[in-house]
Each structure stands twice: as structure tokens, then as C-alpha cells.
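A short write-up of the structure that comes next.
The values are calculated or read from the model by the stated rules, or taken from the named source; none is laboratory data. Everything numeric here is computed off the predicted structure, so don't read it as measured data. Remember, those area values only see protein heavy atoms, side chains included, never the ligands or the DNA or RNA. Shrake-Rupley method; radii C 1.70, N 1.55, O 1.52, S 1.80 Å.
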Amino acid sequence: VELILSDRKVDLLAEGFDLAVRIGEPEDSSLILRRLACVHRSVCASPEYLKRRGVPQTPEELSAHDCLLYAYHSVPTSWRFRSPDREAVVDVKGTLVSNHAEMLVEAACHGLGLVFCPLFFTAPSLRDGRLVQVLPAWQVPLSISAVFPNARHVPAKVRLLIDFLVAQFASPPWADCT
């Protein structure tokens, strides 16, 4: 097994990968997709930040806050939200941009701003109280999928890994934070 961890979207065929785990809707229709789970992306902040800056009540209020921006979002300064009755797109700003979500979560824990990322990154900090969810009705569902090249015969090692991933995601460790 050779495991490569990267947020970069690799070209499976050109780079010789057997399988990738991707978050969000796939863009490449030439790949076979196996949905593993759903995770919500939500806005979180430290209690100290919210005490100092106030708690946003609507997505539009985020534009007046310090936001921690994830560099690999298609447009890092534009956050999309969905509630049961409407959608919102908000232009946000911040002084910290990173391609490392865990670092952004840590910055949020230290009161540097609001972070908008999947619950699997924030769940431990939500559980221990270092972060709280903001705008809980405005979470964005994201698919987590295994993707692999379309081939006549899927290698046994790929099938076994997919079966393992399906079993692991059956009870995701962030489920208690939704």
C-alpha cells in the first residue's frame, strides 16, 4: 500500500492512482464513483471569538467577520449555504488563507476567526468545547466518495479497499456532531 495524503485533486489516470477519496460532487464522469458517506460543512468559531465579535444570525452577517479561508475552495472568499427554505452565497474576507484545513481549525480554536469546513475536521474541537457551531441551520452537505478509473476489471486490491472504506464510513466518527 502506498498512501498519499493531499488536498490536491490528482489525475488518477495520468498519475497512476488506483483510487482516490474525494469530497464533493465529482467533476470527471470517466471515473467510477462509490459513495461512502455524507458530511456537513459548517461554520464554527471559538466561544472567545463569538464573545468578542458577536454571533452571526444570518449568513450575510459573516461578511462583517474575520473568516479563515481555505485555499482549495473553488472561490475561497465566497461561501455557499443552504437552509431548508433558501440558499445564500456570501462574500467573506479574512487575513488568513491556508491549504491546510486542520491548521484553520486550530486558528479558529485560538479565536482568530470563523472557519467553514467539514465536520470531520471540527468534531473533536466541538466535543471539547473549543469550538461551537454558528448558523447550524445553514450546513452544507458534502458527499464523500471513492473514485477509481473506469476499467473492465477492477483489481481485487481496489475492491477490498472500497469494501473496507464502506465499512469504516458506515458509522462516521463525526455523526454525533450533526
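Candidate cross-link partners of Lys93 among the lysines, defined by an alpha-carbon separation under 20 Å and a same-chain spacing of 8 or more, comprise Lys51.
In terms of its alpha-carbon gyration tensor, region 39-158 comes out prolate; a/c meets the 1.5 threshold, and the first ratio a/b outweighs b/c. Note on region 1-99: semi-axes of the ellipsoid equivalent to its C-alpha gyration tensor, largest first and rounded to whole Å, are 32, 16, 13. Between Leu33 and Ser6, residue separation times 0.36 nm minus the direct Cα-Cα distance comes to 7.8 nm.
Of Pro59, Pro155, Pro76, the residue with the greatest mean-square motion in the GNM of the chain, using alpha carbon springs below 10 Å, is Pro155.
Using a 1.4 Å probe over the heavy atoms of the protein chains, calculate the carbon and sulfur portion of the accessible area of region 58-178 as a whole percent. Write out the running numbers ahead of the final one.
Details: 3640 of 6430 Å².
The C+S portion of the solvent-accessible surface of region 58-178 is 57 percent.
Listed by chain and number, the lysines whose alpha-carbon sits under 25 Å from that of Lys157, ignoring those within fewer than 8 places in the same chain, are Lys9.
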